[in-house]
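Peer 1: Pasting in a structure now, in structure tokens, and then I'll have a few things to ask.
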Amino acid sequence: MSLPGGRPDIIEMTGITKIFPGVIANDAIDLSVKENEVLALLGENGAGKSTLMSILFGSYDADAGIIKIRGKEVKIKDPNDATSLGIGMVHQHFKLIHNYSVAENIVLGHEPKKKFGLLDLDAAEKKVEELSGLYGLKVNPKDKIEDITVGMQQRVEILKVLYRNADIIIFDEPTAVLTPLEIDDLMLIIRRLKTEGKTIIIITHKLREIKAVGDRCTVLRRGKVVGTVNVADVSEQDLAEMMVGRAVKFEIEKNPPHFRETVLSIENISVRNSRGQMAVKNLSLNVRAGEIMGVAGVDGNGQSELLFGLTGMSPLESGRILLHGKDISRYAIRQRIEAGMGHIPEDRQKYGLIKDFTVAENVALKNYYKAPYTLHGCVLVETEMQKRADELISAFDIRAGKGSLTLAGSMSGGNQQKLIIAREVDMGSDVLVVAQPTRGLDVGAIEYIRRRILAERDKGRAILLISFELDEIMNLCDRIATISKGTIVGVANSGEVTEREIGFMMAGSKDTIAEETA
């Protein structure tokens, strides 16, 4: 079969069905991809996008359906089968060995050999240099993975696929952990890959990226295909409505802030990173009740260490943290929670929940030892945990096939994020330390989560928001602090600073705007 434009279908997926316990992830899906096109796969969290592509890559077996590659029916039992068919996948969560070099990671499993079966590292590095130059990826094959940025790590994942001669490349949420500049670079790379004859499938929630690189877009909703459109013929608003089934507002309307007393005071704190280097240096910041204080910056400038220091996950090297004027600098994590600090972490799977626990158990994770979740301080009352979890599932539109008994690890990333946000909001903390709250969420969920954060601000909570999404910072925050190399280089009222000015400050310039003290 051939589609308009004269290009044949390189991929045909017909009647693809995949059922997990309590959930039909893919419901008789038909999908076609033209040779040498960029097809965007769009849908809400839990719509079945990643499942469908995992079937194409051999990570899952379909319960029903047919796959044809270049017109020939194939059985893809595992990723090795997919690789042999020229299919590669760049996963959202990178699969790299951090103490190996770039070249060692790329050739792993397909190593060039010397005599006696020894690794020919020189040949590996030469091949990586050639591929890097051909596709404009600018990667040093000798660098250790642990020493390069997240954006560079993604380039290594792309090179792994290219090294294995893939001409069909699947990108699963490729910009979820990238900075704005790295996203721009990736868009250039995808266009370059297309120019070199590759066929690209990109799973993304970001409509701007679809408009930037997509030729066509197939939209999924609740496991079914809603439709396929030519990207040039539709607006971002059209795509959003196809995805969620209703009109979506991109600009969030917010009430003027009502600043109250200072709740959180950060005084000259310094925090070391996992390698013993000083990542946060004499950083000071105040957050008032009834405001959202945003922290903008390029990833790797001390944001993670700031979070760890605030929430008790790392010790302070120096300085103080005051909550309602009380020094909590040496408090353990539970003591900080008891004092009124909530935390929505930047890595939901590593720090936000326990994947093998149910939704109910994760909801009660921070206060399971209190009534009504315990009886006499020692017996868990599971019915109370389940009751509250079901209420939050409904209130936050969490897609959980078995309700409160659903294992958290079986849900999509976006629904895991909603679960964490629901728990932290429900606890009623005075201060919410929020990191990357909408990472990996679809536009409908982003709109909802941002409204919830604003609602908490309007209730009088003090919110510290750390985000790499500049539009999120500009949209939500009342004041914006810019961090560079572990220090705050400027603080400004929202509306009195532009994205361009913040960008200069992210690069370390202190001359762009006058710092406004808290």
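Peer 1: Quick one: would you say M505 is surrounded by 22 or more Cβ atoms within 10 Å (Cβ to Cβ) and either over 21 Å from P345 (Cβ atoms) or among the aromatic types (F, W, Y) (or both)? Even if it seems obvious, please write down each step before you answer.
Peer 2: Details: surrounded by 22 or more Cβ atoms within 10 Å (Cβ to Cβ): yes; either over 21 Å from P345 (Cβ atoms) or among the aromatic types (F, W, Y) (or both): yes.
Against the criterion (surrounded by 22 or more Cβ atoms within 10 Å (Cβ to Cβ) and either over 21 Å from P345 (Cβ atoms) or among the aromatic types (F, W, Y) (or both)), M505 qualifies.
Peer 1: Can you name the condition, by its number, that T149 falls short on among (1) within 25 Å of L470 (Cβ to Cβ); (2) among the β-branched types (V, I, T); (3) open to solvent by less than 10 Å² (accessible area, probe 1.4 Å)?
Peer 2: Only one criterion is unmet by T149, namely (3).
Peer 1: Name every residue in the stretch 328-342 that is of a type outside the set (S, T, Y) and out of contact with any Asp or Glu (no Cβ under 7 Å at 6 or more places or on another chain), in order of residue number. Before the answer, list the steps.
Peer 2: Step one: of the stretch 328-342, the residues of a type outside the set (S, T, Y) are 328, 330, 332-342.
Residues satisfying the conditions are I328, R330, A332, I333, R334, Q335, R336, I337, E338, A339, M341.
Peer 1: Restricting to the stretch 166-182, name every residue that is in a loop (DSSP other than H, G, I, E, B), at pLDDT below 90 and open to solvent by 30 Å² or more (accessible area, probe 1.4 Å). Break it down into steps so the answer makes sense when it comes.
Peer 2: Keep residues of the stretch 166-182 that are in a loop (DSSP other than H, G, I, E, B), which gives 166-167, 173-179.
Then drop every residue that is not at pLDDT below 90, which leaves 173-179.
Correct list: V177 only.
Peer 1: Pick out the one residue from D30, D61 that is open to solvent by 50 Å² or more (accessible area, probe 1.4 Å) and either modelled with pLDDT under 95 or part of a loop (DSSP other than H, G, I, E, B) (or both). First the steps, then the outcome.
Peer 2: Working: D30 fails: either modelled with pLDDT under 95 or part of a loop (DSSP other than H, G, I, E, B) (or both).
When all the criteria are applied, what remains is D61.
Peer 1: Since A240 meets every condition but one in (1) outside any helix (DSSP H, G or I); (2) in contact (Cβ under 8 Å) with a residue 60 or more places away in the chain; (3) open to solvent by less than 10 Å² (accessible area, probe 1.4 Å), which condition does it not meet?
Peer 2: Every listed condition holds for A240 apart from (1).
Peer 1: Can you tell which of E111, E129, E146 is under 25 Å from the mean Cα position of the chain (by Cα) and farther than 24 Å from I202 by Cβ? Before the answer, list the steps.
Peer 2: On the way: E111 fails: under 25 Å from the mean Cα position of the chain (by Cα); E129 fails: under 25 Å from the mean Cα position of the chain (by Cα).
Exactly one residue qualifies, and that residue is E146.
Peer 1: Here is a list: L441, L470. Which entry is open to solvent by 10 Å² or more (accessible area, probe 1.4 Å) and touching a residue at least 40 places away in the same chain (Cβ under 8 Å)? Can you show your working first?
Peer 2: Working: L441 fails: open to solvent by 10 Å² or more (accessible area, probe 1.4 Å).
Being open to solvent by 10 Å² or more (accessible area, probe 1.4 Å) and touching a residue at least 40 places away in the same chain (Cβ under 8 Å) holds for just one of L441, L470, which is L470.
Peer 1: Every residue in the stretch 34-58 that is open to solvent by less than 10 Å² (accessible area, probe 1.4 Å) and among the β-branched types (V, I, T), please.
Peer 2: Those that are open to solvent by less than 10 Å² (accessible area, probe 1.4 Å) and among the β-branched types (V, I, T): V38, I55.
Peer 1: Yes or no: the stretch 118-126 includes at least one residue that is surrounded by 14 or more Cβ atoms within 10 Å (Cβ to Cβ) and closer than 26 Å to V23 by Cα.
Peer 2: No, the stretch 118-126 contains no residue that is surrounded by 14 or more Cβ atoms within 10 Å (Cβ to Cβ) and closer than 26 Å to V23 by Cα.
Peer 1: Take the residues of the stretch 375-402 that are at pLDDT 90 or above and open to solvent by less than 20 Å² (accessible area, probe 1.4 Å): which is farthest from the chain's Cα centre (by Cα)?
Peer 2: Within the stretch 375-402, the match that is farthest from the chain's Cα centre (by Cα) is M385.
Peer 1: Given the criterion among the small types (G, A, S), in contact with a strand residue (DSSP E or B) (Cβ under 6 Å, 6 or more places away or on another chain) and without any contact (Cβ under 8 Å) to a residue 60 or more places away in the chain, identify the matching residue among A47, A62, A28, A82. Step through it out loud before you land on a result.
Peer 2: On the way: A47 fails: without any contact (Cβ under 8 Å) to a residue 60 or more places away in the chain; A28 fails: without any contact (Cβ under 8 Å) to a residue 60 or more places away in the chain; A82 fails: in contact with a strand residue (DSSP E or B) (Cβ under 6 Å, 6 or more places away or on another chain).
None of the others qualify; the one that does is A62.
Peer 1: Now for a different question. Hey, can you tell me all the residues within the stretch 340-353 that are open to solvent by 20 Å² or more (accessible area, probe 1.4 Å) and modelled with pLDDT of 95 or more?
Peer 2: Within the stretch 340-353, the first condition is being open to solvent by 20 Å² or more (accessible area, probe 1.4 Å), and the residues that meet it are 343, 346-351.
Matches in the stretch 340-353: H343 only.
Peer 1: Being surrounded by fewer than 14 Cβ atoms within 10 Å (Cβ to Cβ) and within 24 Å of E469 (Cβ to Cβ): is that true of R246 here? Steps first, answer last, please.
Peer 2: Values: surrounded by fewer than 14 Cβ atoms within 10 Å (Cβ to Cβ): yes; within 24 Å of E469 (Cβ to Cβ): yes.
Judged against the criteria, R246 is a match.
Peer 1: Looking at the stretch 297-339, which of its residues are of a type in the set (D, E, K, R), open to solvent by 30 Å² or more (accessible area, probe 1.4 Å) and over 17 Å from the mean Cα position of the chain (by Cα)?
Peer 2: Step one: filter the stretch 297-339 for residues of a type in the set (D, E, K, R), giving 299, 305, 317, 320, 326-327, 330, 334, 336, 338.
From what is left, the residues that are open to solvent by 30 Å² or more (accessible area, probe 1.4 Å) are 299, 305, 317, 320, 326-327, 330, 334, 338.
Hits for the stretch 297-339 are E305, E317, R320, K326, D327, R330, R334, E338.
Peer 1: Please verify whether D215 is closer than 15 Å to L52 by Cβ and in contact (Cβ under 8 Å) with a residue 24 or more places away in the chain, treating the condition exactly as stated. Let's see the steps before the verdict.
Peer 2: Values: closer than 15 Å to L52 by Cβ: no; in contact (Cβ under 8 Å) with a residue 24 or more places away in the chain: yes.
Taking the combined requirement at face value, the residue does not satisfy it.
Peer 1: Can you tell me how many residues in the stretch 243-274 are in a loop (DSSP other than H, G, I, E, B), touching a residue at least 40 places away in the same chain (Cβ under 8 Å) and of a type in the set (D, E)?
Peer 2: Going through the stretch 243-274 one residue at a time, the tally reaches 1.
Peer 1: So the check is Cβ under 7 Å with 6+ separation or different chains; which pairs have a first residue in the stretch 181-201 that's more than 14 Å from L134 (Cβ to Cβ) and a second one that's of a type in the set (K, R)?
Peer 2: I200/K194
Peer 1: Looking at this structure, is I24 assigned to a strand (DSSP E or B) and open to solvent by 10 Å² or more (accessible area, probe 1.4 Å)?
Peer 2: Numbers: assigned to a strand (DSSP E or B): yes; open to solvent by 10 Å² or more (accessible area, probe 1.4 Å): yes.
Against the criterion (assigned to a strand (DSSP E or B) and open to solvent by 10 Å² or more (accessible area, probe 1.4 Å)), I24 qualifies.
The values are calculated or read from the model by the stated rules, or taken from the named source; none is laboratory data. Note that the structure is predicted; figures quoted are calculated from it, not measured. Every residue, glycine among them, receives a Cβ derived from its backbone with ideal geometry; neighbour counts consider all protein chains shown. Calculation scope for accessible area: heavy atoms of the full protein, side chains included, ligands and nucleic acids excluded. Shrake-Rupley method; radii C 1.70, N 1.55, O 1.52, S 1.80 Å.
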